[in-house]
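K.L.:
Can you keep this structure in mind? I'll have questions shortly.
The values are calculated or read from the model by the stated rules, or taken from the named source; none is laboratory data. On a predicted model such as this, the values are computed, not experimentally measured, just so you know. Counting neighbours? That spans all protein chains shown, and the Cβs are built from the backbone with ideal geometry, glycine included. Note: accessible area is taken over every heavy atom of the protein model, side chains too, but ligands, DNA and RNA are not part of it. Shrake-Rupley method; radii C 1.70, N 1.55, O 1.52, S 1.80 Å.
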Amino acid sequence: MTAVNTGDAPASLIRAWVSSDLLAGATKVKLRNDDDALLVPGHKLLVFDIIPLLDEQGSYQHSLEMMSYITQNKPGPSTCSGSQT
């Protein structure tokens with residue numbers, strides 16, 4: 001993700017959201033480097049770790065869902081809400 005601070009003073013990143021059909025509600029999104037939360041004016045590339053927290057049953061059900069797409073030679077559900085180029 002790229003963060004842009006168009007102001008003339010440092011800003012801070014407080015919260016980020018990820019939307020996906022395949023991520024459980026308990027999934028955590030964590031900024032890889034906490035120092036990146038301070039955004040000086042300009043552009044900055046931010047890297048997040050996505051930590052899925054599925055229980056055993058949820059993990060099993062989602063793996064079966066993805067295997068059904070693979071065996072039918074169909075693409076799986078999109079994991080991003082924006083368009084890709």
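K.L.:
Hey, can you tell me all the residues within segment 1-44 that are hydroxyl-bearing (Ser, Thr, Tyr) and modelled with pLDDT of 85 or more?
P.N.:
Thr6, Ser12
K.L.:
How do the pairs read when you match residues in segment 58-74 that are farther than 14 Å from Asp21 by Cβ with residues anywhere that are at pLDDT below 80 and open to solvent by 60 Å² or more (accessible area, probe 1.4 Å), using Cβ under 7 Å and keeping only pairs 6 or more apart or on different chains?
P.N.:
Here the result reads none, with nothing in segment 58-74 linked to a residue that is at pLDDT below 80 and open to solvent by 60 Å² or more (accessible area, probe 1.4 Å).
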